1. For the peptides 191-201, 111-121, what is the packing order when you average, over each peptide's residues, the other Cβ atoms within 10 Å and list the highest mean first?
2. Past the 29 Å Cα-Cα mark, which pairs from Lys284/Lys372; Lys302/Lys427; Lys195/Lys228; Lys195/Lys427; Lys234/Lys427?
3. What residues have an amide H closer than 5 Å to that of Arg109, excluding those fewer than 5 places away on the same chain, when H is modeled at 1.01 Å from N in the peptide plane?
4. Computed on alpha carbon atoms, what radius of gyration and Dmax characterise the range 293-377, expressed in Å?
5. Students often check this: by mean Cβ neighbours within 10 Å, which of 128-136, 174-182 ranks highest, and how do the rest follow?
6. Using a 1.4 angstrom probe, figure out how much accessible area the range 293-377 has per residue, in square angstrom, rounded to the nearest whole.
7. Among 430-442, 252-264, what's the highest-first ranking by average C-beta atoms within 10 angstrom per residue?
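The values are calculated or read from the model by the stated rules, or taken from the named source; none is laboratory data. These numbers come from a predicted model, not from an experiment. With ideal geometry, Cβ positions are generated from the backbone for all residues, glycine too; neighbour counts draw on all protein chains shown. For the accessible areas, the whole protein counts, side chains as well, though only heavy atoms, and no ligand, DNA or RNA atoms are used. Shrake-Rupley method; radii C 1.70, N 1.55, O 1.52, S 1.80 Å.
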Amino acid sequence: MTKKQRREAGARRQQQARQRLRPPPPLQARDERSVSCTTFNILAPIYKRMDSENGRESQNRANWFSRNEKIIDRLLGDRSSIICLQEVWLGNDELVNMYEKRLGDANYRLFKLARTNNRGDGLLTAVHRNYFCVLNHRELLFNDFGDRVAQLLHVESAIPFLQNRSSSYVQQQSLIVNTHLVFPHDHSLSIVRLKQVYKILQYIEAYQEEHKLGPMPIILCGDWNGSKRGQVYKFLRSQGFVSSYDTAHQYSDSEEDAHKWVSHRNHRGNICGVDFIWLLNPDKCRKPLKTSWNEAVFGIMKYLLLQVASLPEENAFALLKADSSDDRITYSSFCQALCQLGMVHPDRVNSEEMEDLWSEVDHDGNGAVDYKEFQRCIWSPKCYNQEEEDDTEIDVAEGSIVTFEPNDETFGFTVKEAVLFPPEVEKGMWPENYSLSDHAPLTVVFSPVRMPCSPRTPQHP
């Protein structure tokens, strides 16, 4: 090979490398009414392990600076309407200034929230002013084991999306959440992650009541540190949320579709799908939040009994009834068993919630649970089936959530497109040459649509 040929071959390789790194054209450009949302755990340099023993990227400025410059390049190339980032190194002013300057210059409004107890990292949500106006912003501090936090943004479309019945254009409002749940280092932390999501949904309900908000779509973004097989996924699905990526690709909740895509390679080398953008439209009929919580807690309880403690059904019942002489579970033995399973703690199940769980299993209120009640409420997947409401005859107690007539109309979103990067993760593989993060960015395109309101089952105090 001549010197000229070597130069040409090198130039081709450089061009191919640049093409691989170049962001795709912005998805929402295909429809001017569409909006898009990106969620991305960018791996804080204080957590990124280097090849050297016990070394972290935060010790090498050139490395973390270059990597974060490339992350911002990609974000600006995608030009999402809303960007939700996790593991932003908020403890480093230079890195924070980098994001503030470049995203700010691109007409984004930024909101930052550090984890509690000076963990060093936190959340950053950026809202593009061309697409949304931020009406309100709230910070949710869990103050729990993992020092986790969440951001809630109440936004309104900067330009009208659709016409209402009177043919006038209206600006659509939405609620956006950005969060990063605790990593499940062991089985006992599954209930902590579930409790964090429960707190988020409780906070959203309280915010809606406080501001007397009408029906609007809710979008939850973030690193959920759990897959489609876990109780957090099932909990959100029971509340009417859909995984936008799975919706776009027509994947079901079945075991067969549980591993079609991945978004994370964790520090143990395992690959899994943990990054979600959840959508709840106002036409969804939802069961009471407390009911979904109880079902999810019973699901974790069964998992701990069956998979962790390796107890078959009969032995699990024996553990729960403890030393009861009449072969029934008492409230005292029920509480004792939950303690043994590591489920009782303010960050997990508190005393008030334990009483609610007991009321759910002790249907007849006689103070004891027999084997049949145990099977129906604890060992079976659900102890309550929510039937769809198809009329408006719902009694609403004072102080409960406002319900709406089915012929009331509002606006929601359809999932138009969803993309993970790099492309290999969409096939369940993790490319060795991907270096932006240990997570894949997920971008979803939403299209506004007019839809009827669905009455919500009242949430009684």
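1. 191-201, 111-121
2. Table pairs above 29 Å Cα-Cα are Lys284/Lys372; Lys302/Lys427; Lys195/Lys427.
3. Here Val127, His128, Arg129 satisfy the definition.
4. Computed over the Cα atoms of the range 293-377, radius of gyration and Dmax are 11.8, 33 Å.
5. On the way: 128-136: 15.6, 174-182: 23.9.
Ranking the peptides 128-136, 174-182 by packing returns 174-182, 128-136.
6. Details: 4020 Å² over 85 residues.
It amounts to 47 Å² per residue over the range 293-377.
7. Highest mean packing first, the order is 430-442, 252-264.
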